[in-house]
Structure formats: C-alpha cells, structure tokens
Amino acid sequence: MTVRKLCGYDVNGWRDGVARNWVARPGDEEELGVVRIVEGAVLPEVVLAGEGKSERWIGGAQADLAPHGRGGGWGKFGAQERRRTVRSLINDGSLPPGTLAAAFTGLAQGASHSVIAIEDASSTTEQLQERIFAALGAARAGKPLLVWRSVLSVLHALELGSLRTYAHDGARIGIIGHVGAGFSLQTLRLRAETRTSMVHLVPERRQVGMLLESEIGYTGLVSAAMAQIRSLAPDNRSDHYGTARSIGRLAFGLQTKPEPLRKANGDWEILCPPKELSLPLIELDADVFSELRDCDAILFESLTEGQVRLEILRQVQAVLQGPLTPLPPTSVAKGALIAAERYAAGKTVYLDFLPRIATIVQGSEGAMHYDLIGEAETLPAGSLYRSPKPARFALQTGQAMFHVFLKKETHLQPRKALVEVGSPPQQATPVDLWVEQVPAAGRAKILMQAPALARQFSVDWDAAEILDATWEDVLSGLATPPPTIPKRLVLPCGIHAWHDTPRGPGLLTLLDANARLAGPDWDTLATKLSARPFGQYCISSDGEVPGEVPNDSLAQLQELTWRALDDLRGMASGKRTADTAQLRFLTWQFRRCPTEVGDLLLDAWTARSQGQSHPFATSGNAWILIRQGLGRIMTVAEHEKRAVEILLRFPMRMWAWREETAAAAFLLSRSDQSPRLLDRKDVDRLGERVVEEFRESVGTGYTRFQYAPFLLVGLLRWRLKSPRAL
Amino acid sequence: MRRFERPWSGQELKSGVPYGPAACLVSETGREVPKGFEHAELMTGEFRGEARKLLLHPYPKRGAGQKPLREDFPIRPPLNREPKTQDEEFAAETLRRMNEVLARIQELEDALDDPISLWPRLRAAWKRAEDEADPRMAEIVKQSREIGPVLKDLEHRIRRVLRRTRELTPLDRVQELDRASMLWLSRQPGRTVAERAGPAQRILSTVRHENFDTLENRMFHAYVRLASLVAREWQREHRRAAGSDRYRLVDVFRLRCRALARDLAEMKVGVAEPGITPNYVLIQDKGYRTVRLAWERLIRRERILDDLWAWQAQTWTDFSVLAIVLAIDEMEETQPIAQSPVVWRQEAVTGRWFDQDRPLAVFWLEQTGRIVEVQARPEQPGALLTLARAHVSLRITDPSRSNLPRRVAVWTPHAMERLNIEKAAKGAVATLAEITRIASNEIMRDGLILTPAHGEAGHATSSQGTARVDVIALDASGDTLGKGMEALRDFIRRDIWRGNE
C-alpha cells in the first residue's frame, strides 16, 4: 500500500500548528510515515509579500519572521495593511479565500487528506465552515474534513492511552477546551464502531459545545500580556511595542527573550520582556462545570504552556469534582493527524449530529411542522445525510412560484423562502423537499424536486426572508380555515300556494273543502302541495308552514294527514286498493310527514331490494315516489341509517337517476346526519357515480340532470365528518 | 554606456572591445538604458543627483553576441553530444558547476517545508553536498526511482492498433472488401472473379496490420530518448559518485531507456515533438500518464536551461547571499529578527528562482550588540554602494548607540573563466579606499568578493589604508564548497562588527 501524505491542521488563530506524516529533506527524497509537528507561530498572522503581479499572501513561521506590516521603520513593506491576524481572517469573510489559505500553506502543503480542527462552540457557524473549506481548496490541501477540537482531543487521548479504563463502548468523556472567550464544555460518548472490518472506538457528538465565558480565555490572556508589555514603553510613542513577538510568548507561557524592536524612524530598541504573565485573578464558580458531573473522565485541552498553564489548571481543578487529565498543547494537531489517518483509510472518524431543519406542510389537519432531519440521528463524519422522507408539496396549475417555510435549530428566527418554478406546470404537480448535509461541512443543501417537471430547485436559506415571529406563530398563522360546507338544503315555503289564484283554488280552500269530504281528493291536494309558485312550496322541506296560515287550516291539514296515514296503513296491509295519491300527499309535506310513513316506505324499499313486490308499487313510477318520498320526509336518524345502508348495498351501476340518485341526493343534501354515516370508500363510490351521471348528461337535453348536482353538493357535505375533504 | 570587466573596476572597456569569457558582463548607464541591449537591472542608485544603473548582460547563447559585444564564450553543450574537444569539455564543466549552484538553491525550497528550522536544514543539506561521492537528489534520480517500474510495466503492454491497408490477397484469404477494392475488381479484365483475379489468383482487399506508431508510443519513445540523455549527462557530472547507489540506479535506468528506445525505433515508432496535445490514453492510462508527466518535467528543465545558462551570474548572486546568511546564522549569538518570506517561482526567470522582499534577513548579534541586515539588489542603495557597484551588502548598526551604520560591500562576480583572486582583491581594495574618502551617512571600509572557484578554492586578502577586501573563491559542491564556507565563516567572525570609533 502506498503511504499517503496526511495532515492534521490546528489553525486556530492563537497558536497554530500542524501534525503530518511526512518530511521533506532538502536534497533528498521525502520521508513518509514519520509523525512530524510543525509549529506555526504564536498569535499567527499572514503577510502580503511581493509587489504587483508577484503579490502573494504568506502565512506560518515565515510570516511571523517577516518584516512586512511591522511599521514604517521597515520601509514600504512595513505598511500595516500588509499584515493581518489569522484570527481576523477566520472571523471575517470579506477577504478572498486565498488569504486564509496562506495560513494553511505556511504550515504544510501537498497533503492528500487534511483534517482541520474547529472550535466546538456555536461561534463556529456553517458560514465559517464554508470559509475554511474555500481556503483549503485554495491551499490545495487534498480532501478536507473539519473535525471539532473536542473530538480531536478525545482521539488523541485514546491514542495516548490517557483514558485508560474508560476506553470502552458507552463511556462518557467530558472535555474542557480552552478557547478565546473562555472555555468550551462538551461531553462525548465513546462508541464501538463495528461497521468496518476492524472494531474501533469513535466519539459521538450529540450537541453543540457549551461556551463558558471567562477572563482567562485566550483573549483575556493576550490582552493581559499586551498591557504588561506596553507598560514597559518609556514614552507614548510605543506602537512598535504592539508588534512585539513577546506578547504572544508571554500570553501562552512560553519562555520570553529580549527582542529588538524597530521604531518608526528605523532605529532599534531592545525590549526586555517580563519573565511571567501576571494572570488576571478570577474565581470560577463552583457549579460552572456541573454539565460534566456524570462524566467518566474529563480532559483538559489548552494551547498554553509553562506557568500560565499550571495556574489555569489549578483554577479549573479547584472547582471541579473528580480528576482532570490535561492534554499537551499539540494534542489537537496530533488528534487531527489521527483523524486524517482514519479518514484516508475509510474508517469512521467520529459520529456527529446535524442541526435540525424543519418545514411546514399542509396536511389534513392544516399546517403541520415537518422535520427534515430526524431527531437523534448521528452519522459518521464526512458522510452525506439525506432526509429519509421528503416533505411533499403540491404545485397548482399555473403556479409560477411558491413559499417554503424553514426553521433551523441553530437559528432563532424561521425563514420564508421564495422558490421560482420557472415554467408553471400544466397540471397539479407534487414537489418533494429534502435536505442534504454533511456534518461540520457547511450549510445544508435544501433541495426541491418535481419529478413530473423534471426540475430541481435549491432553496437558498441565506436569501430567504427572515420572519419576525416564532415558529409557533408561523404555524398558527398558516392554519387556514377549513373549506366551507354547503349548508343543508332547505326548500322554502310561502303563502302564495295557500291562497286562491285565478288559475285555481289555493291550499286553504282545498283543505277546507276536502276536510269535510269522506273521500278527499288526495290527488288534487298532493298536486297542490307539490306545486311551487314563485319557487315556494306550501310546506318547506323542513316541514315548516308559513306563519300566516290560520290554525284552523293547520288542524284540517293535520286531520287529513291522519286520514291519509290510515289509508296508507290499510294499503300496506292489503286491506285497501293501493293508490299513490295519499302517499304523495303525505310525502310532499316533507318532514311534517309522520315518521311512521318512513317505516312503511323503508319496508317497501327493503322488499324491493330483496326482489319482492309491495302493495304501494302500483306502477313503475310508484317506485320513484317511494324513493323520492322517503328522501323528502326523512327525519329520524334510524331511518336515515337504514336508507343509506339500503342505498349503498344496491349496486351503484344499476342506480336509476330518479330513484336511487334522487334519494341519495335528498338524503345527503337535506340532512345533517346522513353525510356522517358515510365513510371514505362510500364517498369515493358516490363520487364516481356523480361523475358518471355528469358524463352521461353532457350533450343531452339535461332532462335527467336534476339530482346529480344535488348529490354532488351532498357529497361535499361529507366535510361534516372530515373537515378538509374535497 | 560604460562597460566593465569587473564590477569594482574603475577602468571601462574601450568601445569596440568585446566582453571575453574572463569578463563579468556588467555595465553602468544613466537613467536611460540604450535600446536593444539584453540586460537585467541589478541596482539603480544615485550619486550627486545623477542616476546610475548597474546592469548585467547575459552570456551569449551561440558563443558570441551583439549589443553588447560578446565573443569567444563557450556554448552550452547540447544534450545529445559527448564532449570531445577541449572547448566542449570546458563547456560541460561549466554546465556541471551551474547545475550544482542550481541544486543548492533548489534545496532552499525543500528546506522551506519547515520554515522554523529553515537555515539549519539548508545548512545540513549544503554540508552533505560537500561530499561528492554521495550525490544529491536530482530530477533524473527521482525519475529513475519512480519511472523504472512503470517502464517495465509499459514494455509488456505497449499499445498497438490495427491499421487497415489494401493489399493483393489470395482469393481464399479475402475477408473484407471496401469500395476501392471493389472498384479495382470491377476494372480487372475477365468475367468471373477467378478470371479477374488473374494468374496469381489475388485480388485487392482490405487487410489489417498491427501498428505501434501511435501518439502515446511516440511520446514514450521521445521520453526514453530524452531520459537516457539526461541520465548520461547526470552521470557525466557525477563521476565521483560512481560508487553510490544513486549512480547505479541512474545507470540501470539509462540502460533500460536506451534498450527501449532501440526497440521502439525497430517497431517504427516515431518521436513525438514537445508540446503535443495529450490524447485519451495519455490522460487516462496510468502508466502512460506518469511517463508523460515525467517527460514534461524533463522538457521544462531543458527548455529553461538556455535561460539559466545565460543568466548564471544572477543565480550565482542568489547562491552567494544564501551562503552569507547561512554563515551569519551559524554564529552562536545570532538571533533572527526578521526575514522576508521566500516566494518560490514555478520556473526560473532570468536565472532567479525565488522572490524576496527587502530586507532579505536581519539578525541580532546579542553579545556583540549589533544588528546586521543582509541586502541584495537594494532599491535605494546609498551613494557608497552605487560607487562600489556592489549589489549585495551587509548593513551593521549598533542598537544602543546612534553611531553611523557600517556597510560591508559584497561583490558576487561571475565569469566563465576563473578570476585571479589576488588581482581582484587589489582592484577592489583600491576602489574601496577611494570611496572611504567620500563623506556619507554610512561608513564602508570592508569588502567581500565571492566568486566561483572552478575547482580550486582560494582566499585572498588585501588592504589599503583603512579599507580591506577579502576574496573567497568557492564552488557549489564538493571540497571547494566546504573550504569556501569555512573562509566565509572566518570572515563573518572577523572584526567586521567593531571598530567604528
């Protein structure tokens, strides 16, 4: 196997270093397979060397020694803008990636795989990760992988054997990392990785490291050292003191040496720095490390050395229960090299979680939160995660753009992204939304795909509108009211039909006349009741009568009703010859009709569906009456249930438009209960029936097109049961 | 334009007298450089308000050149010819020395790999170069190691193509007829095919023959020919290393290349010209691609060789500066204060491999209490340096006092023939003694001349009044490098730091 050049970068802007497995020997071949630590500088910087076309940014130890940007005493190359701290490059994304790349190339060049340490805190944003990737690309650092400092510390500790008995599956390792603002706390769990042929331990990271702010962070140390050095300046013209290399050495506890500094006029001044840093005295609270209480082992990682390191260790140890394992300053770089070895060999470096991303989809319950990244998912470093179940949206015909709501765990405010479709689809099209992300490798890719359009869109989180509302507010704002439910159809009643007209007597007259007769003219009465002058019946479909109707007439109507019912009973039992007039008279009273009629009619219908005859069925048309009549008078839930059952049991292709369809239309459109009796399957079947009838009617005289529309509306009333049904 | 044989020389060459092989090709002009002169600017200074430019002219490519007039110079030995005459031997020796200088400079690039210990690493590399029996790394050595196995692999699976040609073929062997064959057949007299086939019973038909003359094989052929020549040249330059592993490795490689070249020539494979556009095989086939990249590296080296040959004096200056820096850095009390980043170039331009801003390097001699700056090709040389025509110098200051800084002029004369160092010391010290009389904001009493030793190390000193000049002749490898560096160290430790009073 060829040995590959591997490199572990610890470019942090405080004290850079690199661990790599090759050495270039001047005048000889490169030596591979030996671990070599190349130290960069303390408080590293990059400088702009050369002029004009040959201008180039240089980093590493060469930049530390360069006269560039060290003040006017050094001639034209001393100009301040020729020098930048690596710290500022990491934090500021406005410069081209080549500048930050110099910080990497100044340490090592030509690796095939590089691992770069990044601070385990929320300050390591996805943009920062992308910046580092861009810089590595410019530095030609081979295949890059970003790994958290905490993880690298653990990897190095595992290699060193400092975890001793805790190096087993399931152990919890706490890490206190010294960072600029203070300390970062992280707990990692060790996992035995069995996916590859050889079982090895990998740290698993489940949350972002917690930042504990403190004055003894690197920032505090450096400003203390700076103040200490500046206090040595004899007068106020002491700018050259600020460029002294002793500041960094003092802050990080390295041995200080006298150092000649060049003044702005080119003269020299010898700086004799103090031997030791006077640390800012602080007391850490006793419970600051409570996060790490149940860890099996606690590691301490710092770039400081000497007295400074001892003092910080003492302060941390004082408030920490349990033992602390300090790691050497080069441990992160060495850990990065171990990670690079694993990466190059295709082994799992560590397991990482992904910050969760969610969107909003419209479901049957309205707007719903939808996780694009599953909870509790950790995956091996460098591997791509893709949402297992994409969120699905529907794109309406002709829709040229649509909104997607997004929420990231790392951001407080949700965002609304506008996606342009480009060419509006010709028909409603499903669109899938999913997320692709690699842990610690920059921003997630939010992708949308419409297979029907053969198009793929990417959603730009950064360009999306930031919403000034919480996710919950957005969700509730999107809870659109459910679609309308067609109201129950009520055919109105009016007084016109009750009064006499030039064309004939009104119902009042008829009632009055017939009430006294032994054999009332049921036919005329029924015809009157079914008449609809000015669109108004005598009796509404709810069985109401106009208020103006005198009580006497109502009593007459009631009496006639009872008599008709008697007749009907007689007919049912076969004592009387059947006639449809009474039945028509009764059923045209709609719900005013006695419930017993319903029973009788249902019996008749049941008989029919069983293939038997029934006394009511005097003719073919009588069946129409039975069905429609039943539809008109239905009030009792029990009846409705029976009717629906019978209806649905009857094969739908044999339905007649005036019989079953009419009955179903009446039932569903005029009652509140019937729709609730249906389930999804029934609705689908009825829907098919409606479509069929519509299709049959197209191009005809629409004579048969009376009940299908009502059935359709009746079907919509299924929303009584399922509010967002079609 | 005032032409000089030596940079310090006060006497200019008479017009019409050409530069000879013993001369350093330097001249001085005012602000305007006359048109049409090949030159590189070393330094632009001023003396009493009058601009003075120090120019360097390249060695002529074909033995002689116009503008400025140059004659009787050795010609760079071509790769494919063994040196036979004395002149050719001399040219080959010059080339060897040039390659050694280049090797020392290129070691800086490797040493930069760990910039913190740049100088110790470079010093160690130079130290090893003093032993000529242990040859240093070179491109051809690297290729011997890396390409050797590839050649073995390619030899067995050399790509071939089947080329179609038309031939008269016996009737029973005909497999394929193309349009032209059919036309031919139709024009033959006779009614049947047998009649048309004539008494020999042969008709024209397509046949396929194996053929090796493809682009990738032509490139392969070109590589093995070039590699064997380069290997031969390397061996010639490293005769003293004949017992070493590397020498044997290169030898084996050369023989294999030669054998392969012969085989390829037998297979009627042509030779590719440099600058071919690689085809699919040359890009995708691992073996062919490796060979192509190696070939391109060798070609690039050959291509810039002319340029390097012409500008050897520039390379020599860079070498001298590195030698001085190494010698200063070696002192126990030395602390580096500043050093301009070395920016390596892809390819040498006018003999220079790397760029460096000014000041090159600044050291602090802690016990002596001096700060010394190494400067090369300064932007604003003072009046003294302008007069001395020295484009390398040391500037020494005492940080604790405000005395006038001291200047040590360093000349790095390069000529095709060896300089007479005693004569050089006398000439330089005379110039220096004159300059010391000029009032300036600097004091310049000491001078140093670093010149190629041509295999004969030497050290000469000459003084006149307060002025003193040391001449050190050194080479870039072998014993003369060791002795030269020793002399240089002695010079640095000498009393150049003190004695301002």
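The values are calculated or read from the model by the stated rules, or taken from the named source; none is laboratory data. The structure presented is a predicted model; accordingly, all values stated were derived computationally and were not measured. All Cβ positions, even for glycine, are placed from backbone atoms using ideal geometry, and neighbour counts span all protein chains on display.
Observations, loosely collected:
- Within the range B:16-125, strands (runs of 3 or more DSSP E) holding 3 or more residues that are in contact with a helix residue (DSSP H, G or I) (Cβ under 9 Å, 6 or more places away or on another chain) and within 24 Å of B:His391 (Cβ to Cβ): B:40-47, B:50-56
The rows are residues; the columns are (1) surrounded by 18 or more Cβ atoms within 10 Å (Cβ to Cβ); (2) of a type outside the set (Phe, Trp, Tyr); (3) in a helix (DSSP H, G or I).
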residue	(1), (2), (3)
A:Leu560	yes, yes, yes
A:Ala564	yes, yes, yes
A:Arg569	no, yes, yes
A:Lys575	no, yes, no
A:Asp603	no, yes, yes
A:Thr606	no, yes, yes
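- Exactly one residue among A:Val34, A:Val46, A:Val3, A:Val38 is closer than 30 Å to A:Tyr241 by Cα and more than 7 Å from chain B (Cβ to nearest Cβ), and that residue is A:Val46.
- Scoring B:Leu151 on the criteria (1) away from chain A (no Cβ under 14 Å); (2) outside any helix (DSSP H, G or I); (3) surrounded by 18 or more Cβ atoms within 10 Å (Cβ to Cβ) leaves a single failure, condition (2).
- Members of the range A:494-516 found to be within 13 Å of A:Leu560 (Cα to Cα) and assigned to a loop (DSSP other than H, G, I, E, B), listed by number: A:Arg516
- Taken over the range A:520-539, the residue count meeting the criterion of being in contact (Cβ under 8 Å) with a residue 40 or more places away in the chain and crowded, with 19+ Cβ neighbours inside 10 Å is 8.
- Residues of the range A:365-405 satisfying the condition of being under 30 Å from A:Val151 (Cα atoms), modelled with pLDDT of 80 or more, under 16 Å from the mean Cα position of the chain (by Cα) and not charged (D, E, K, R): A:Leu372, A:Ile373, A:Tyr385, A:Ser387, A:Pro388
- Verdict on B:Glu109 being touching a strand residue (DSSP E or B) at 6+ places or on another chain (Cβ under 6 Å) and within 14 Å of chain A (Cβ to nearest Cβ): yes
Condition check ((1) within 14 Å of another protein chain (Cβ to nearest Cβ); (2) of a type in the set (Val, Ile, Thr)) across all residues:
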| residue | (1), (2) |
| --- | --- |
| A:Thr194 | no, yes |
| A:Val199 | no, yes |
| A:Gln207 | no, no |
| A:Ala224 | no, no |
| A:Ala233 | no, no |
| A:Lys257 | yes, no |
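- Within the span defined as the range A:674-694, one or more residues are surrounded by fewer than 17 Cβ atoms within 10 Å (Cβ to Cβ), modelled with pLDDT of 75 or more and hydrophobic (A, V, I, L, M, F, W, C).
- Answer residue from the range B:387-397, given it is more than 10 Å from chain A (Cβ to nearest Cβ) and β-branched (Val, Ile, Thr) and is farthest from the chain's Cα centre (by Cα) among those: B:Ile396
- A single entry from A:Ser153, A:Ser162, A:Ser112 fulfils the requirement of being crowded, with 24+ Cβ neighbours inside 10 Å and more than 14 Å from every other protein chain (Cβ to nearest Cβ): A:Ser153.
- For A:Arg82, the requirement of being out of contact with any Asp or Glu (no Cβ under 9 Å at 6 or more places or on another chain), at the interface with chain B (Cβ under 8 Å from one of its Cβ atoms) and either surrounded by 21 or more Cβ atoms within 10 Å (Cβ to Cβ) or under 16 Å from A:Val115 (Cα atoms) (or both) is not met.
- Test for B:Glu88: is it more than 12 Å from chain A (Cβ to nearest Cβ) and surrounded by 15 or more Cβ atoms within 10 Å (Cβ to Cβ): yes
- The strands (runs of 3 or more DSSP E) found wholly in the range B:275-386 and carrying at least 1 residues that are more than 14 Å from chain A (Cβ to nearest Cβ) and surrounded by 21 or more Cβ atoms within 10 Å (Cβ to Cβ) occupy B:370-376.
- Residues in the range B:118-137 that are within 9 Å of chain A (Cβ to nearest Cβ) and of a type in the set (Gly, Ala, Ser): B:Ala124, B:Ala125, B:Ala129.
- Some residue of the range B:215-223 being over 16 Å from B:Ile147 (Cβ atoms) and touching a Gly at 6+ places or on another chain (Cβ under 7 Å): yes
- Filter result for A:Ala581 (surrounded by fewer than 22 Cβ atoms within 10 Å (Cβ to Cβ) and touching a residue at least 40 places away in the same chain (Cβ under 8 Å)): yes
- The listed residue being in contact (Cβ under 8 Å) with a residue 12 or more places away in the chain and loosely packed, with under 15 Cβ neighbours inside 10 Å, out of B:Arg160, B:Arg136, B:Arg104, B:Arg179: B:Arg160
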